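S.K.: Got a structure for you, questions after.
The values are calculated or read from the model by the stated rules, or taken from the named source; none is laboratory data. Every value quoted in this text rests on a predicted model; they were computed, and no experiment measured them. Note: ideal-geometry Cβ built from the backbone for every residue, glycine included; neighbour counts use all protein chains shown. We work out accessible area using only protein heavy atoms, side chains counted, and drop any ligands, DNA or RNA first. Shrake-Rupley method; radii C 1.70, N 1.55, O 1.52, S 1.80 Å.
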Amino acid sequence: MPFITNHSITVGIPFYQKTNPEYLDVAIKSIINQTLPPDKIHLIQDGEINEELKRVIKKYKDTYSYIELIVLPKKGLPYALNQSIKQSKTEYYARMDSDDIAIKDRFELQIEYFKKNAELKILGTWAYEFEDDNSDI
């Protein structure tokens with residue numbers, strides 16, 4: 001696959017009090033390690049969170065300048081995502097759940113598909129399901 005250079009992507013990852021900190025950590029790592037990295041990652045905090053989640057967020061915000069924390073009052077997923085979308089200034093917006101793991105070339109494949117299919121406005125993808133062990137799909 002050719003490397004795509006003309007893109008701009010914001011990724012929105014909403015999370016809240018009941019989010020598993022370990023899953024969120026893995027989700028963020030899977031976005032940071034993309035073959036086609038995003039320009040901006042919005043970590044969207046929906047309401048108050050615990051100290052363990054705060055430590056995960058701080059680790060990434062302190063290390064990566066393109067990670068932005070959006071702190072919102074608890075209003076639910078649609079509100080949280082809409083606030084992130086409104087703040088996005090990139091050509092593409094990708095969303096991800098806090099317990100998802102993106103395959104390494106997710107954005108590369110998706111942007112390439114958009115480039116080949118200019119009439120598309122939205123793109124969904126398949127998912128592999130697993131419980132606790134992501135090698136047991």
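S.K.: Mind listing whichever residues of the stretch 35-65 are in contact with a Phe, Trp or Tyr (Cβ under 6 Å, 6 or more places away or on another chain) and either surrounded by fewer than 14 Cβ atoms within 10 Å (Cβ to Cβ) or farther than 26 Å from E108 by Cβ (or both)?
M.R.: D46, G47
S.K.: Now for a different question. Here's a check for you: in the stretch 66-121, which residue that is among the charged types (D, E, K, R) and farther than 23 Å from T35 by Cα is surrounded by the fewest Cβ atoms within 10 Å (Cβ to Cβ)?
M.R.: Among those that are among the charged types (D, E, K, R) and farther than 23 Å from T35 by Cα, it is E119.
S.K.: Here are some conditions: (1) over 17 Å from I103 (Cα atoms); (2) free of Cβ contacts under 8 Å to residues at least 60 places away in the same chain; (3) surrounded by 13 or more Cβ atoms within 10 Å (Cβ to Cβ); (4) in contact with a Leu (Cβ under 9 Å, 6 or more places away or on another chain). P14 meets all but one. Which one does it not meet?
M.R.: Looking at each condition in turn, P14 falls short on (2).
S.K.: If you check every pair at least six apart or on different chains, which have Cβ atoms under 6 Å apart with a residue in the stretch 75-96 that is touching a residue at least 60 places away in the same chain (Cβ under 8 Å) first and a residue that is open to solvent by less than 40 Å² (accessible area, probe 1.4 Å) and polar (S, T, N, Q) second?
M.R.: S88/T10; T90/S8; T90/T10; E91/S8; Y93/T10
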